Amino acid sequence: MTIAMAKRSPSVIAHLGPAGTYSEQAAFFYLNWLKSNQNIEANLSPYPTIAKSLQAVTTQQADIAVVPVENSIEGSVSMTMDSLWQLDTLQIKLALVLPINHALISCADSLDKIDTVYSHPQALAQCQGWLAQFLPNANLIANNSTTEALERIPEVPTIAAISSIRAAQLYNLPILVRGINDYPENCTRFWVVDQADSAEQSFTPTHTSLAFSLPANMPGALVKALEVFAHLGINLSRIESRPTKRSLGEYLFFIDAEAGINSPLLTSALSELSTFTEVLKVFGSYEVLAVTT
């Protein structure tokens, strides 16, 4: 007797859309990585904001979200960190590092014809030196993503958008200038996030991300928490503060530790750290992969 095997539905990967964003690029890389390494089929599902892509996982509209967390020039993406703190059912399973190469997309035939530039706030900030030099009088307008304004480009020849070369190809739009980011080594780290109760990856994690609040705003409170890692010899590759949103001057502290969650040293650190913190949340333990484009 032959038993028919149930066909597994493709995984749904949520990301900041529309098509052509750097988040979609990272998500597309992960989609191919899943197929090549784990024989898992997946589909991409764009969302209008980072928060909504993460919420899609909590509401089971998506299985996975790929979200930006840190840029090498402009630092952390606050919406990602705030959302992870608020959504308790999510975990980080992998980190992806994507090189960023911004292009100025426009139907204008020269820079002096452009009066307005649209893009995501991070992209505008990553190109602020170039914009100040070559488009000093242009209005800079922030959008939810680097591709939100692209559909307007053919209609208005005096506007431009900062986006990726891939986005220009997808929307069949002309690139006026390539490589306009102020620093050529610009890159963004993304987190691959899923439900906390999902199956674990088969790799050995090298980093763990966590956040905590302090029981009181008093001298030495943060030092005591950080000394836990120092005396155990655990390197912290990132330390970031975010407001608790309860009271001015109260902060949450986000940390990336260079140790896996199963490391005896990190196990000791987390146990000791809990005695110095008010709330302690471990977001996940993961490996870091470089994205090839």
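Going by what's in this entry, would T188 be described as surrounded by fewer than 19 Cβ atoms within 10 Å (Cβ to Cβ) and among the hydroxyl-bearing types (S, T, Y)?
Numbers: surrounded by fewer than 19 Cβ atoms within 10 Å (Cβ to Cβ): no; among the hydroxyl-bearing types (S, T, Y): yes.
When the stated conditions are applied, T188 does not pass them.
So which of F212, F276 is modelled with pLDDT of 95 or more and on the phi < 0 side of the Ramachandran plot?
Details: F276 fails: modelled with pLDDT of 95 or more.
Exactly one residue qualifies, and that residue is F212.
Is it the case that F276 is touching a helix residue (DSSP H, G or I) at 6+ places or on another chain (Cβ under 7 Å) and assigned to a loop (DSSP other than H, G, I, E, B)? Can you show your working first?
On the way: touching a helix residue (DSSP H, G or I) at 6+ places or on another chain (Cβ under 7 Å): yes; assigned to a loop (DSSP other than H, G, I, E, B): yes.
The answer is yes for F276.
Would a scan of the range 197-212 turn up a residue that is more than 26 Å from L31 (Cα to Cα) and open to solvent by 40 Å² or more (accessible area, probe 1.4 Å)?
The answer is no, given that none of the residues of the range 197-212 is more than 26 Å from L31 (Cα to Cα) and open to solvent by 40 Å² or more (accessible area, probe 1.4 Å).
Filtering the range 239-293 down to residues that are among the basic types (K, R) and touching a strand residue (DSSP E or B) at 6+ places or on another chain (Cβ under 7 Å), which residue is farthest from A196 (Cα to Cα)? Step through it out loud before you land on a result.
Keep residues of the range 239-293 that are among the basic types (K, R), which gives 242, 245-246, 281.
Checking the rest, the ones that are also touching a strand residue (DSSP E or B) at 6+ places or on another chain (Cβ under 7 Å) come to 242, 281.
Working: R242: 23, K281: 12 Å.
For the range 239-293, the residue satisfying everything is R242.
When both residues are 6+ apart or on different chains and their Cβ atoms are under 7 Å apart, which pairs have a first residue that lies in the range 209-227 and is closer than 17 Å to V279 by Cβ, and a second that is open to solvent by 80 Å² or more (accessible area, probe 1.4 Å)?
Listed by first residue and then by second, the contacts come to S213/E278; L214/E278; P215/E278.
Mind checking which residues of the range 253-293 are free of Cβ contacts under 8 Å to residues at least 60 places away in the same chain and within 16 Å of the chain's Cα centre (by Cα)? Break it down stepwise before answering.
At the first step, the residues of the range 253-293 found to be free of Cβ contacts under 8 Å to residues at least 60 places away in the same chain are 253, 255-269, 271-272, 274-275.
Once the filter is applied, which keeps residues that are free of Cβ contacts under 8 Å to residues at least 60 places away in the same chain and within 16 Å of the chain's Cα centre (by Cα), the range 253-293 yields I255, D256.
Of the residues that sit in the range 139-151 and are more than 18 Å from the chain's Cα centre (by Cα) and modelled with pLDDT under 90, which one is surrounded by the most Cβ atoms within 10 Å (Cβ to Cβ)?
A149
Taking the condition within 12 Å of A160 (Cα to Cα) and either assigned to a helix (DSSP H, G or I) or among the hydroxyl-bearing types (S, T, Y) (or both), does D112 pass? Before the answer, list the steps.
Numbers: within 12 Å of A160 (Cα to Cα): yes; either assigned to a helix (DSSP H, G or I) or among the hydroxyl-bearing types (S, T, Y) (or both): yes.
Here the answer is yes, as D112 does meet what is asked.
Strands (runs of 3 or more DSSP E) wholly in the range 129-247 with at least 3 residues that are touching a Lys or Arg at 6+ places or on another chain (Cβ under 8 Å) - which ones? Outline the logic, then answer.
On the way: elements: 139-142, 159-164, 175-178, 187-195, 207-213, 236-243.
Ranges flagged: 187-195, 207-213.
Please determine whether any residue of the range 108-125 is under 16 Å from the mean Cα position of the chain (by Cα), within 21 Å of L289 (Cβ to Cβ) and open to solvent by less than 30 Å² (accessible area, probe 1.4 Å).
no
So F28 clears everything in (1) of a type in the set (A, V, I, L, M, F, W, C); (2) surrounded by fewer than 20 Cβ atoms within 10 Å (Cβ to Cβ); (3) touching a Ser or Thr at 6+ places or on another chain (Cβ under 9 Å) except one condition, right? Which one?
(3)
From the list I40, I73, I13, I92, which residue is among the β-branched types (V, I, T), touching a Phe, Trp or Tyr at 6+ places or on another chain (Cβ under 8 Å) and assigned to a loop (DSSP other than H, G, I, E, B)? Steps first, please.
Numbers: I40 fails: touching a Phe, Trp or Tyr at 6+ places or on another chain (Cβ under 8 Å); I13 fails: assigned to a loop (DSSP other than H, G, I, E, B); I92 fails: assigned to a loop (DSSP other than H, G, I, E, B).
So the residue among I40, I73, I13, I92 that is among the β-branched types (V, I, T), touching a Phe, Trp or Tyr at 6+ places or on another chain (Cβ under 8 Å) and assigned to a loop (DSSP other than H, G, I, E, B) is I73.
From the list V57, V77, which residue is under 22 Å from N101 (Cα atoms), hydrophobic (A, V, I, L, M, F, W, C) and touching an Asp or Glu at 6+ places or on another chain (Cβ under 8 Å)? Give the steps one after another, and end with the answer.
On the way: V57 fails: under 22 Å from N101 (Cα atoms).
Checking each option against the conditions leaves just V77.
Looking at the range 141-157, is at least one residue among the acidic types (D, E) and in contact with a Leu (Cβ under 9 Å, 6 or more places away or on another chain)?
No, the range 141-157 contains no residue that is among the acidic types (D, E) and in contact with a Leu (Cβ under 9 Å, 6 or more places away or on another chain).
The values are calculated or read from the model by the stated rules, or taken from the named source; none is laboratory data. Just so it is clear, the structure is predicted and the values come from calculations on it, not from any experiment. So basically every Cβ, Gly included, is an ideal-geometry build from the backbone, and we count neighbours across all protein chains shown. All accessible areas refer to the heavy atoms of the entire protein, side chains included, with ligands and DNA or RNA removed. Shrake-Rupley method; radii C 1.70, N 1.55, O 1.52, S 1.80 Å.
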